[in-house]
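Visitor: First the structure, then my questions, so here it is.
Just so it is clear, none of the values below were taken in a lab; they were calculated from the coordinates. Since the model is a prediction, treat every value here as computed from it, not as a measurement. Here the Cβ positions follow ideal geometry from the backbone for every residue, glycine too, while neighbour counts run over all protein chains shown.
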Amino acid sequence: MSAKNDIAVVLGTRPEIIKLAGVIRNLGSRGSIHYTGQHYDDELSESFFRTFKLPAPQLLLNGISGEHRSIQISRATYQLAEHFRRVSPRLVIVQGDTNSALAGAQAANYCGIPVLHVEAGLRSNDRNMPEEINRRLVSVLADVHCAPTSWNAANLVSEGIPLYAVRVTGNTIVEATCESLPGVEESREILGKYGLCENEFILATIHRPENTDDPQRLAEIIDALCEAPIPVLFPVHPRTAESVRAFGLADRLSRIRRVPPLDYSTFLSLASHARLLISDSGGIQEECTIIKKPLVVVRRNTERPEALASGFAVRVRHRHEISEEITRILANSELARILVNRPCPFGDGKASERITEIALAVADGGALPPGERLGEFSYTCEPQVVQGGAVGRALLRSPVQRGSLAQ
Ligand code: UD1
Ligand code: UDP
């Protein structure tokens, strides 16, 4: 028999709120929000609860924000496990690869509660990324793996996760984006507020440790942004703001237009009216394929080769490469027309529905719903998954890891 609040959803950062909002809403009274507080500034947390009209968390953890990774994970695991032992949820849902997701998965598993992992199977194969370690550990702990794409599913299967526990659902970012994009009138107002003209500016975000924690790299990226021939709007993540202060780069950065992190609708509106995007964000690699904008990914690798393979993104690392890509994209008058007709590789906007159905089935002790055919491959317990894996691995080895736009 189902009970109120018997499915615990653990989250703690901006992208998790965005990507779990649809599932939380669909779960209705069955779901309960457990917020770790990893992100705590209004503009990275409550602003997103408001955008998606989410209820207040039923559990809010203490002492997580701004702490070292080891402290965040251990404190959150401890507090969540204490709570789970008291209230015994039937299922715990975690999303992605953050410290909060790993803590949620550990706490649930240690308490004998099944774990459903949303956005499972992404792999950068870069052990220097905290997120790569987190997502691999969550895969070990999870009982049900909702993979956004067939490549993600194939990664899981190739690591020995049983086929019956993997479902390809699409990525929930598709519905989050479609739901949150403002209309024409509101977008015009937003452009006006920031003094920007449609298609005549670049929107940039940078927050990954590989770019923010090394002064030389951060300076290189800032210099490349400063060299752009059209205005750059740069919403500054708190991690980046801290590094800019600590490394004395504020003067250099003052040559481009900085703003605090933007609310989701404003960000999407600006992104969809920009000429191009520059970012190291995971979510923006997905969103660019939905809003059909070119993206320069500033990273040494990516766990989302789909955005590169489908021609929306190009991955670069060094200052001259960033500048070259900006020049190339601005000179390509055909690109916008080509991208507009490209399909999004991250699903059809029904991922939250599928994940909710799976979650309810698991919580109620039933069998997993059968997989569906999405796109090129079948993602059920059939050998095609292995074929998807072969393609996926080939993509990772091939130049697609760098990508080139709209080929
Ligand atoms: C985390 C995730 C990352 C995700 C990102 C989304 C991990 C390992 N990393 O990185 O995968 O892409 O969130 O944005 O979980 N800070 C504030 N205010 C806040 C939040 C953070 O000032 O509301 C500061 C903290 O004090 C800290 C720094 O930003 O010094 C980094 O925060 P943290 O949550 O540790 O990691 P992120 O870099 O945000
Ligand atoms: N985003 C936002 N406001 C901003 C910058 C980003 O709403 O000022 C959104 C963006 O659209 C994306 C999400 O935040 O959906 C990504 O978060 P982030 O880049 O912090 O994390 P990642 O996806 O890299 O884990």
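Visitor: Is there a quick way to get the dipole size of region 164-233? I mean about its Cα centre, with the Cβ of Lys and Arg at +1 and of Asp and Glu at -1; what is the value in debye to the nearest 20? Don't jump to the answer; show the numbers that get you there.
Guide: Details: 5 positive and 13 negative charges, 47 e Å.
Here region 164-233 has a charge dipole of around 220 debye.
Visitor: LYS350: which aspartates and glutamates have alpha carbons under 20 Å from its alpha carbon, excluding same-chain residues fewer than 8 sequence positions away?
Guide: Straight-line reach from LYS350, under 20 Å: GLU16, GLU119, GLU175, GLU179, GLU286, GLU287, GLU306, GLU372, GLU376.
Visitor: Among SER158, ILE190, PRO130, which residue has its Cα positioned farthest towards the positive end of the charge dipole of region 110-195, with +1 placed on the Cβ of Lys and Arg, -1 on the Cβ of Asp and Glu, and the dipole taken about the Cα centre?
Guide: Final value for the positive-end residue is SER158.
Visitor: Take ASP97, ASP251, ASP6 and order them by how many other Cβ atoms sit within 10 Å, fewest up front. Write down the numbers at each step before the final one.
Guide: Details: ASP97 28, ASP251 8, ASP6 19.
Arranged by neighbour count, lowest to highest, ASP97, ASP251, ASP6 become ASP251, ASP6, ASP97.
Visitor: Got a sec? Charge dipole of the chain, +1 on Cβ for Lys and Arg, -1 for Asp and Glu; which of LEU11, THR98, ILE173 is way out at the positive end?
Guide: THR98
Visitor: Could you state the principal axis extents of the C-alpha atoms in the chain, from the largest down, to the nearest angstrom?
Guide: 61, 46, 42
Visitor: Using DSSP, restrict attention to beta bridges with both residues in the chain and report what percent are antiparallel, rounded to the nearest 5.
Guide: Values: 2 of 38 bridges.
Counting only bridges with both partners in the chain, antiparallel ones make up about 5 percent.
Visitor: Also: What are the extents of the Cα atoms of region 221-347 along their three principal axes, listed from largest to smallest and rounded to whole Å?
Guide: 43, 29, 27
Visitor: Pick from TYR164, TYR40, TYR194 the residue whose mean-square fluctuation is largest in a GNM of the chain, springs joining Cα atoms under 10 Å.
Guide: In the Gaussian network model the winner is TYR194.
Visitor: Let me check against my output: what whole-number percent is the relative contact order of region 46-119, with C-alpha pairs under 8 Å and at least 6 apart?
Guide: Details: 80 pairs, mean separation 20.3, N = 74.
It comes to 27 percent, rounded to a whole number.
Visitor: Does region 112-152 come out rounded, prolate or oblate, given a ≥ b ≥ c as the square roots of the eigenvalues of its C-alpha gyration tensor, rounded meaning a/c under 1.5 and, failing that, prolate meaning a/b above b/c?
Guide: Oblate, since a/c reaches 1.5 and b/c is not below a/b.
Visitor: If you average 1/r over all unlike Cα pairs in region 161-289 and invert the result, what Kirkwood radius do you get in angstrom? Write down the numbers at each step before the final one.
Guide: Working: mean 1/r = 0.0625 Å⁻¹.
That comes to 16.0 Å for region 161-289.
Visitor: Roughly what % antiparallel, to the nearest 5, for the DSSP beta bridges in region 242-383? Each step should come with its number before you reach the end.
Guide: Details: 2 of 9 bridges.
Restricted to region 242-383, the bridges split so that about 20 percent are antiparallel.
Visitor: Which of LEU20, LEU218, LEU308 moves most in a GNM of the chain, Cα contacts under 10 Å?
Guide: In the Gaussian network model the winner is LEU218.
Visitor: Remind me, relative contact order of the chain in percent, using alpha carbon pairs under 8 angstrom and six or more residues apart? Mind dumping the intermediate values first?
Guide: Values: 787 pairs, mean separation 68.5, N = 407.
So the answer I get is 17 percent.
Visitor: Excluding same-chain residues fewer than 8 positions from LYS53, which lysines have a Cα within less than 17 Å of its Cα?
Guide: LYS19
Visitor: I need LEU233, LEU295 ordered by Cβ neighbour count within 10 Å, fewest first. All intermediate terms of the calculation are to be shown ahead of the outcome.
Guide: Values: LEU233 20, LEU295 30.
Fewest-to-most Cβ neighbours within 10 Å comes out as LEU233, LEU295.
Visitor: Rounded, prolate or oblate: which fits region 171-245 when a ≥ b ≥ c are the square roots of the eigenvalues of the alpha-carbon gyration tensor, with rounded for a/c under 1.5 and prolate only if a/b beats b/c? Show your work: numbers first, answer last.
Guide: Numbers: a/c = 2.61, a/b = 1.50, b/c = 1.74.
Oblate.
Visitor: Taking amide H positions as placed in the peptide plane 1.01 Å from N, state which residues far from HIS237 in sequence (5 or more) or on other chains have amide H under 5 Å from it.
Guide: For HIS237, the qualifying residues are ILE206.
Visitor: Going by how many other Cβ atoms sit within 10 Å of their own, how do SER47, SER352, SER281 line up, fewest first? Let's see the in-between values first.
Guide: Details: SER47 18, SER352 28, SER281 21.
Least crowded to most crowded, the residues run SER47, SER281, SER352.
Visitor: Rounded, prolate or oblate: which fits region 1-111 when a ≥ b ≥ c are the square roots of the eigenvalues of the alpha-carbon gyration tensor, with rounded for a/c under 1.5 and prolate only if a/b beats b/c?
Guide: On the way: a/c = 1.86, a/b = 1.06, b/c = 1.76.
Note, shape of region 1-111 comes out oblate.
Visitor: Under a Cβ-only charge scheme (Lys and Arg +1, Asp and Glu -1), can you give me the dipole magnitude of the chain about the Cα centre, in debye to the nearest 20?
Guide: Numbers: 45 positive and 47 negative charges, 68 e Å.
Computed charge dipole of the chain: roughly 320 debye.
Visitor: Between GLU353 and ALA56, what's the calculated FRET efficiency when r is the beta-carbon distance and R0 is 25 Å? Round to 0.05.
Guide: Values: r = 24 Å, r/R0 = 0.97.
With a Förster radius of 25 Å, E is 0.55.
Visitor: All other residues with a Cβ under 9 Å from the Cβ of PRO130 taken together, and with Lys, Arg as +1 and Asp, Glu as -1, what is their net charge? Working shown, then result.
Guide: On the way: positive: ARG69; negative: ASP97, GLU131, GLU132.
After counting each charged neighbour, the total is -2.
Visitor: If you don't mind, another one. Give, rounded to the nearest 20 debye, the magnitude of the charge dipole that region 27-92 has about its Cα centre when Lys and Arg contribute +1 at Cβ and Asp and Glu contribute -1 at Cβ. Don't skip to the end; give the middle numbers.
Guide: Numbers: 8 positive and 6 negative charges, 93 e Å.
Here region 27-92 has a charge dipole of around 440 debye.
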